[in-house]
């Protein structure tokens with residue numbers, strides 16, 4: 001059963017990995033991904049990012065994506081934490097941890113979760129730039145990354 005959290009508070013990767021490891025001695029591999037706020041996007045400085053979400057819908061979407069990964073690969077456990085609110089450059093935005101018996105499943109599932117999270121999870125981002133606040137547009141490269149898994153879009157709940 002994956003764990004999904006959407007929160008304003010920062011997270012501690014070492015604590016999160018330790019808690020996940022302590023739950024199951026069958027774990028032989030853990031893959032992690034941390035996404036950070038960059039100080040530059042589209043050639044322009046970024047002083048802050050504001051992340052918004054749709055409560056309830058966002059958690060269901062992340063759960064659906066993570067369960068799909070658990071169905072595709074032999075996973076033991078998974079955790080997704082996504083932050084919301086105002087974040088500054090170098091702040092952590094997202095954490096994905098995937099545990100399995102073997103590294104291949106963990107690596108692929110972690111990448112799959114991030115590829116779908118970037119395109120299918122209902123988050124909205126605004127960046128604070130010298131010219132003012134602007135919405136962050138979806139990128140075709142994110143859609144291409146998701147589409148390479150050659151799976152139809154995940155069914156809605």
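Laboratory data are not the source of any read-out in this text; all were calculated from the coordinates shown. Everything numeric in this text was worked out from a predicted model, so none of it was measured. Don't worry about glycine lacking a Cβ; one is built from the backbone with ideal geometry, like all the others, and counts go over all protein chains shown.
List of remarks:
- Note on the chain: GNM, Cα springs under 10 Å; of 114, 133, 49, the largest mean-square fluctuation is that of 133.
- Here the alpha carbons of the range 64-157 define both size measures, Rg and Dmax, at 15.0, 49 Å.
- Förster-model FRET efficiency, 25 Å R0, residue 22 and residue 71, C-beta, rounded to 0.05: 0.55
- Scaling the Cα radius of gyration of the chain by the globular reference 2.2 N^0.38 Å produces a ratio of 1.05.
- Placing R0 at 22 angstrom, the Cβ-Cβ distance between residue 9 and residue 135 gives a FRET efficiency of 0.35 after rounding to 0.05.
- Highest average packing first - 134-143, 66-75, Cβ atoms within 10 Å: 66-75, 134-143
- 13 Å reach of a label modelled at residue 142, 7 Å along Cα-to-Cβ, counting backbone N of the range 100-125: 114-125
- If both residues of a DSSP beta bridge must be in the chain, then about 85% of such bridges are antiparallel.
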